[in-house]
1. Please determine whether any residue of the range 8-24 is among the hydroxyl-bearing types (Ser, Thr, Tyr) and more than 25 Å from Ser146 (Cβ to Cβ).
2. Against the condition assigned to a helix (DSSP H, G or I), in contact with a helix residue (DSSP H, G or I) (Cβ under 9 Å, 6 or more places away or on another chain) and of a type in the set (A, V, I, L, M, F, W, C), how does Leu145 come out, does it pass?
3. All but one of (1) of a type in the set (D, E, K, R); (2) open to solvent by less than 60 Å² (accessible area, probe 1.4 Å); (3) in contact (Cβ under 8 Å) with a residue 12 or more places away in the chain hold for Arg70; which doesn't?
4. Based on what the data block shows, is Glu194 open to solvent by 80 Å² or more (accessible area, probe 1.4 Å), of a type in the set (Asp, Glu), at pLDDT below 95 and assigned to a helix (DSSP H, G or I)?
5. Restricting to the range 147-172, name every residue that is at pLDDT 95 or above and aromatic (Phe, Trp, Tyr).
6. Name every residue in the range 1-34 that is under 23 Å from Glu210 (Cα atoms), touching a residue at least 24 places away in the same chain (Cβ under 8 Å) and either among the aliphatic types (A, V, I, L, M) or open to solvent by less than 10 Å² (accessible area, probe 1.4 Å) (or both), in order of residue number.
7. Mind checking which residues of the range 101-155 are open to solvent by less than 50 Å² (accessible area, probe 1.4 Å) and of a type in the set (S, T, N, Q)?
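The values are calculated or read from the model by the stated rules, or taken from the named source; none is laboratory data. Just so we're clear, the structure is a prediction, and the values are computed from it rather than from any experiment. No Cβ is skipped: glycine too gets one built from the backbone with ideal geometry, and neighbour counts run over all protein chains shown. For accessibility, only protein heavy atoms count, side chains too; no ligands or nucleic acids. Shrake-Rupley method; radii C 1.70, N 1.55, O 1.52, S 1.80 Å.
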Amino acid sequence: MTEYVILVDSDDNAIGTEEKVKCHLPDGRLHRAFTALLFDKGGRLALARRDPQKMLWPGCWDGTFASHPRESETYVSSGQRRMPEEVGISGTLEYLHKFEYHVPYKDVGSENEICGTLVGVTDAELKSIPGEIDEIRWVTPDELLSGMRSDPGIYCPWMLIALRLFGRSNAAVLEGRANILSAWTDTINDALDEAIACHLPPDKWRIIDERQH
C-alpha cells in the first residue's frame, strides 16, 4: 500500500501530497514530519535504534520514534496514533517546537522536512516493533553526551536538532515538565552542535518562529 506524506512550503503550509519514498530520494521535496521523545520520571530519554532495513540511517540511534502526519492530523494526533505502532504503548504527547532541515544520507536519499517535536513522560515498558525499531535504551544527558563525543555519526540528525532547540521551545510545556526536561535544555548544547555539524551545516537547519505566523 502506497503511503503519502504532506508537502509543505517553508512556513509549513500544506501544498499537496507525494509518495513517501519519492520524498526521501536525494532530490526529495519538503514535507511534514514529527519526532517524539519519551522520558521516564527520572528524566532519562528513550533512544531507539532504527531497524537495519530502513532506507535512511539504518541501525542509527533516533529519538523514541518518528513518522509523518496524515492530512487530517495535527503533529500531536499523528504522534499519538503512531505511538502504539512504534513502541507498543499509548500515551499523551505535548508539542514543543518545529524546525526545517535538509540533510542527505550517502547517495541513497535525504530528509527534507519540517519536523514537529513532541515530548511525553512514561514509566511503561516500551517494545521494539519489528521493521521499525531494533533496540530501545534509556539514557541520561551525560550518557548521551559521552556517546556523541565518541561517535556522533550514529545519532540521527533530526533527533539532535530537536534536543538542541529545547531551550527555544513552548515555554508552558518546559515549565510544566521542568523537573524532567530542565537537564536537557542547555547542558549538552555544545556537544549537540558538534554532532549536528557531522551531518549538515548550520544553514541547512532552522527553528520555525511561530510567533511571526
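1. For the range 8-24, residues among the hydroxyl-bearing types (Ser, Thr, Tyr) and more than 25 Å from Ser146 (Cβ to Cβ): present.
2. Considered against the rule, which asks whether it is assigned to a helix (DSSP H, G or I), in contact with a helix residue (DSSP H, G or I) (Cβ under 9 Å, 6 or more places away or on another chain) and of a type in the set (A, V, I, L, M, F, W, C), Leu145 comes out as yes.
3. For Arg70, the exception is condition (2).
4. no
5. Tyr155, Trp158
6. Val5, Ile6, Leu7, Val8, Ala14, Leu30, His31, Ala33, Phe34
7. Selection gives Ser110, Asn112, Thr117, Thr122, Thr140.
Yes/no per residue for (1) on the phi < 0 side of the Ramachandran plot; (2) within 16 Å of the chain's Cα centre (by Cα); (3) open to solvent by 30 Å² or more (accessible area, probe 1.4 Å):
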{"site": "Ala36", "(1), (2), (3)": "yes, yes, no"}
{"site": "Gly42", "(1), (2), (3)": "yes, no, yes"}
{"site": "Arg50", "(1), (2), (3)": "yes, yes, yes"}
{"site": "Trp57", "(1), (2), (3)": "no, yes, no"}
{"site": "Trp61", "(1), (2), (3)": "yes, yes, no"}
{"site": "Thr74", "(1), (2), (3)": "yes, yes, yes"}
{"site": "Arg81", "(1), (2), (3)": "yes, yes, yes"}
